[in-house]
Every structure is written in structure tokens, then in C-alpha cells.
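Step one of this worksheet: look at the structure below.
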Amino acid sequence: MSGADAQRDPAGSGPTPATAEDLRTMHRQLGRPTRNVVAIAARCPCGEPDVVQTFPRLDDGTPFPTMYYLTCPRAAGAIGTLENSGLMKEMTARIAEDPDLAAAQRRAHEDYLQRRDALAPVPEIAGVSAGGMPDRVKCLHVYAAHALAAGRGVNPLGDEVLDALPSWWERGSCAVEEQ
């Protein structure tokens with residue numbers, strides 16, 4: 001194990017209700033209020049929210065396929081750096097070339113759909129997960145958030161993203177300071 005996986009407990013204890021403090025922390029992390037929060041799907045080792053689980057339909061009725069959303073600004077920044085490195089293109093090529101990896105990503109996609117449908121079926125986005133799954137990689141943030149929420153071994157490319165992250169949490173809280 002290396003990177004974030006060595007320090008985080010991706011299996012965690014499952015989603016937990018978001019407290020008022022969690023909502024304030026995520027507001028600071030994201031720079032805006034959160035919306036449609038169902039639960040905290042994963043926490044950083046510092047104890048603060050890392051991944052929020054959102055309802056698959058916005059308050060106005062609009063379908064919202066991204067059920068797991070990464071909130072930790074340090075993780076998001078580090079993953080943005082990975083995206084800029086060309087990793088998404090390389091991962092997409094690997095899915096196309098490796099039938100075992102393609103099958104594993106299909107299972108990750110199905111897991112995502114099953115978890116989202118358990119919250120609420122949304123016919124308009126049936127069969128559509130997030131981040132390009134299962135055939136391509138469009139957003140490493142989604143892959144990492146799914147891996148953190150679901151646990152190790154569910155989303156292999158998400159696990160790879162987590163393994164590539166630096167150990168920023170050793171410096172303390174991951175939340176941005178209030179202005």
C-alpha cells in the first residue's frame with residue numbers, strides 16, 4: 001500500500017448522518033453550501049468529511065448522477081494534478097486494452113448504480129453512473145470518491161487514484177481555514 005490508501009480507512013464504517021458541523025465544514029471546504037446531502041460517505045483520517053453522498057435528484061427535480069462528491073480540498077487539488085498529468089487518458093486506454101480491467105470497471109459501474117438506486121431510482125439517468133464509468137475515465141475525483149465510499153476493491157481505478165495521492169493529512173486538518 002502506498003499514498004492515501006496507506007493512511008485512510010476506505011472501508012470505513014459506512015455512511016454516517018451529516019451533522020451541522022459537517023455541513024459547516026463542507027461549506028468551508030467547497031466554498032459554497034452543500035446541497036442534497038444524504039450522508040457523509042467517507043471521512044479523512046483527521047475526522048472531517050472527505051466524501052459526501054448526495055441524493056440523485058436536486059430539489060428542483062433535476063436528475064443528479066454524481067452521488068459521491070469529494071469535498072476535501074487537499075484531495076481535490078492533488079487529484080486535479082493527477083488529471084493534468086494525462087492519467088485519465090492512460091486509464092481509458094487500459095480499460096480498452098485489458099478485458100479484466102474492463103470487467104472490473106463494469107462491476108464498479110454496476111455497484112455505483114445499485115447504491116444510487118437504493119437511495120432513489122431516477123429513470124432519466126438509469127444506466128448512467130458518473131465519471132465516464134464504465135468505458136472511460138472523465139473525472140478522477142468521482143473515481144476516488146466512489147473508492148473511498150465503497151471501500152477498497154470495488155473500483156480498481158479509484159483505488160489506483162487513492163494510491164497515487166500524497167500524505168497531506170499528516171499536517172493536520174484538511175479543511176480550509178475560515179476567512
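The values are calculated or read from the model by the stated rules, or taken from the named source; none is laboratory data. None of these values were measured; they are calculated from a predicted model. FYI the Cβ positions are ideal-geometry reconstructions off the backbone, even for glycines, and counts take in every protein chain you see.
Quick check on Ile95: is it out of contact with any Leu (no Cβ under 9 Å at 6 or more places or on another chain), at pLDDT 95 or above, crowded, with 16+ Cβ neighbours inside 10 Å and among the β-branched types (Val, Ile, Thr)? Walk me through it before giving the result.
Details: out of contact with any Leu (no Cβ under 9 Å at 6 or more places or on another chain): no; at pLDDT 95 or above: yes; crowded, with 16+ Cβ neighbours inside 10 Å: yes; among the β-branched types (Val, Ile, Thr): yes.
No, not satisfied.
Can you name every residue in region 149-163 that is over 16 Å from Tyr69 (Cα atoms), outside any loop (DSSP other than H, G, I, E, B) and of a type in the set (A, V, I, L, M)?
Leu157 - this is the single residue of region 149-163 that is over 16 Å from Tyr69 (Cα atoms), outside any loop (DSSP other than H, G, I, E, B) and of a type in the set (A, V, I, L, M).
Quick check on my filter: what residues within region 31-56 are surrounded by 18 or more Cβ atoms within 10 Å (Cβ to Cβ), touching a residue at least 40 places away in the same chain (Cβ under 8 Å) and of a type outside the set (Gly, Ala, Ser)?
Cys44, Glu48, Asp50, Val51, Gln53, Pro56
Being of a type in the set (Val, Ile, Thr) and part of a helix (DSSP H, G or I) is the filter; apply it to region 119-148 and report the residue that is surrounded by the fewest Cβ atoms within 10 Å (Cβ to Cβ). I'd like the intermediate steps shown before the answer.
First, pick out the residues of region 119-148 that are of a type in the set (Val, Ile, Thr): 122, 125, 128, 137, 142.
Filter once more, so that each one left must be part of a helix (DSSP H, G or I): 125, 142.
Numbers: Ile125: 16, Val142: 26.
Looking at residues that are of a type in the set (Val, Ile, Thr) and part of a helix (DSSP H, G or I), I get Ile125.
Looking at region 1-30, which of its residues are at pLDDT 90 or above, among the hydrophobic types (A, V, I, L, M, F, W, C) and surrounded by 17 or more Cβ atoms within 10 Å (Cβ to Cβ)?
Ala18, Met26, Leu30
Of everything in region 38-53, what is under 15 Å from the mean Cα position of the chain (by Cα), over 11 Å from Thr71 (Cα atoms) and modelled with pLDDT under 95? Give them in sequence order.
If the condition is that a residue be under 15 Å from the mean Cα position of the chain (by Cα), over 11 Å from Thr71 (Cα atoms) and modelled with pLDDT under 95, then Val38 is the only one that fits.
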